[in-house]
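Below you'll find the structure, written out as structure tokens, and then a few comments.
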């Protein structure tokens, strides 16, 4: 009987591993550096070797393992082909089949934000929600859509790219995607810092490079600094508006906010609430918005879940 599963979160600097039982209990976790030499040529071989070593060291047989799930930083189509993973150097790689042949157990690959969404839905803030949206606030904005307990992947693996909802017709600066006025240009950590710099300039405060604040310090100064207060108010308006668009289209049971910015805590919910309430359909005011609880482990939980849920089907 398959009693266990591996969850693996492949990042540009580190690969995180988790070993889970079929009830979602994480038995152990560890990480290794990501070898991105030669456009990530060695990554899959090194993952295979790492899993083989773990099975041998812990006396786990292959027939006890449901498989290995991977979260990858890039779009993945329904067949497990990675369209592109810039941080790894990959482009159009059939990573799922390659790793499956190397290791000899079932492998399932999905986008890393989708993996984090599955993790929070399985054992985190979204536990028990059949329809959930995960929003990750970091340098950019990522997301995952779960409908009736399943990830919505899209034809090319781009479903959940909520950071690129168009939110401002008057923006002239380009987003990383090449368009202008994207949600993540305002409601990400990068967006907050741009807003803060603009506000300080309007108040006549000049900052040299040594004085530039971080996203974290802007939140810390919110109770005493008028520029931080104003910047966070504007940022919250954009965040609430973006989330209202998502809710109006998808009508989820709950939204879970994760990513590095979520560490600021419940102040985020307070900041977004007025704009969200103003812009969302009246009948959807009761949509639950929560902060993620699994932190950096969400990806490995979700990658393992992606394997185990197939067995339950």
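Can you pull out every residue in region 173-208 that is at pLDDT below 90 and either outside the structural domain of residue 258 (by TED's automatic domain parsing) or closer than 21 Å to residue 261 by Cβ (or both)?
If the condition is that a residue be at pLDDT below 90 and either outside the structural domain of residue 258 (by TED's automatic domain parsing) or closer than 21 Å to residue 261 by Cβ (or both), then 176, 177, 207 are the ones that fit.
Mind listing just one residue for me: the one in region 169-208 that is over 19 Å from the mean Cα position of the chain (by Cα) and buried (at least 17 other Cβ atoms within 10 Å of the Cβ) and, of those, farthest from residue 141 (Cα to Cα)?
Per the criteria, the residue is 200.
Would you tally the residues in region 135-154 being assigned to a strand (DSSP E or B) and within 14 Å of the chain's Cα centre (by Cα)?
10
How many residues are in contact with a helix residue (DSSP H, G or I) (Cβ under 9 Å, 6 or more places away or on another chain) and within 25 Å of residue 18 (Cβ to Cβ) when one looks only at region 266-307?
Result for region 266-307: 16.
Restricting attention to region 28-47, does a residue exist that is closer than 19 Å to residue 144 by Cβ, touching a residue at least 40 places away in the same chain (Cβ under 8 Å) and in the same structural domain as residue 103 (by TED's automatic domain parsing)?
No: region 28-47 contains no residue that is closer than 19 Å to residue 144 by Cβ, touching a residue at least 40 places away in the same chain (Cβ under 8 Å) and in the same structural domain as residue 103 (by TED's automatic domain parsing).
Give just the number: which of (1) in the same structural domain as residue 65 (by TED's automatic domain parsing); (2) under 30 Å from residue 194 (Cβ atoms) does residue 95 not satisfy?
The number of the failed condition is (2).
The values are calculated or read from the model by the stated rules, or taken from the named source; none is laboratory data. The model shown is predicted, which means the values in this text are computed figures rather than measured ones. Ideal geometry is used to build each Cβ from the backbone, glycine not excepted, and the neighbour counts take in all protein chains shown.
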